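The values are calculated or read from the model by the stated rules, or taken from the named source; none is laboratory data. What you are looking at is a predicted structure, and each value in this text was computed from that prediction instead of being measured. Because the Cβ atoms are built from the backbone with ideal geometry, glycine has one as well, and the counts that use them run over all protein chains shown. Note: areas computed on protein heavy atoms with side chains; ligands, DNA, RNA excluded. Shrake-Rupley method; radii C 1.70, N 1.55, O 1.52, S 1.80 Å.
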Amino acid sequence: MTDTMTPQQRHYCMSRIRSKDTTPEKRVRQWLWRHGYRYRLNVKGVPGKPDIVMRKYRTAIFVNGCFWHGHDVQCTMNNVQCTIEDSACCKIPKTNRDFWVAKIRRNQERDRRNYQILQENGWQVIVLWECQLKPKKLEQTMLQVEIQLHDFYIKTFDRRSKSYIHIEEESLPMVAEDPEEYGE
């Protein structure tokens, strides 16, 4: 399949793609807001400048475009030349393929570094892919996000206040009587 646009037309179209307020991002934000979650957008002080920051849950949410971040695209680092194969939701352009392979690889490496920095600083990182946020999959995806938010919140709360959650065994009441009381 060949490109039907001239290089100038293709350049113009690609330059019009936004990095903020994308449709998948808006879907996530609307779902979170409707379900009572509050957040900040594109916080510069957080490594990687996540799309959505939920400080209460110490969570950074990245809404990644399948093409730009190479969803399901495998990059073998053993060779000098990175070989990236097309996946179900991400097609590498046939024209100027070396440029796009290198760009996607750089994006993936930067993403990994940012996620690692956040996790080392006690943040939960949730990565949502454009293909997971299609209208048919949105509800299921966001319910999984909600579970992750609550699980991480509980684990974090437990760590911060062990004395509050920890209960001494001696103070617990007996659940059943001693079997000897029944003549067994």
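Points worth noting:
- Of the residues making up the stretch 43-60, those that are touching a Phe, Trp or Tyr at 6+ places or on another chain (Cβ under 7 Å), on the phi < 0 side of the Ramachandran plot and not in a helix (DSSP H, G or I) number 7.
- Looking across the stretch 24-42 at every residue that is at pLDDT 90 or above and not in a helix (DSSP H, G or I), the one that is most open to solvent (accessible area, probe 1.4 Å) is identified as Arg40.
- The single condition among (1) surrounded by fewer than 18 Cβ atoms within 10 Å (Cβ to Cβ); (2) within 15 Å of Trp129 (Cα to Cα); (3) modelled with pLDDT of 95 or more; (4) not basic (Lys, Arg) that Asp21 does not satisfy is (3).
- Residue that is nearest to the chain's Cα centre (by Cα), among those in the stretch 119-130 that are open to solvent by 30 Å² or more (accessible area, probe 1.4 Å) and within 20 Å of Cys90 (Cβ to Cβ): Val127
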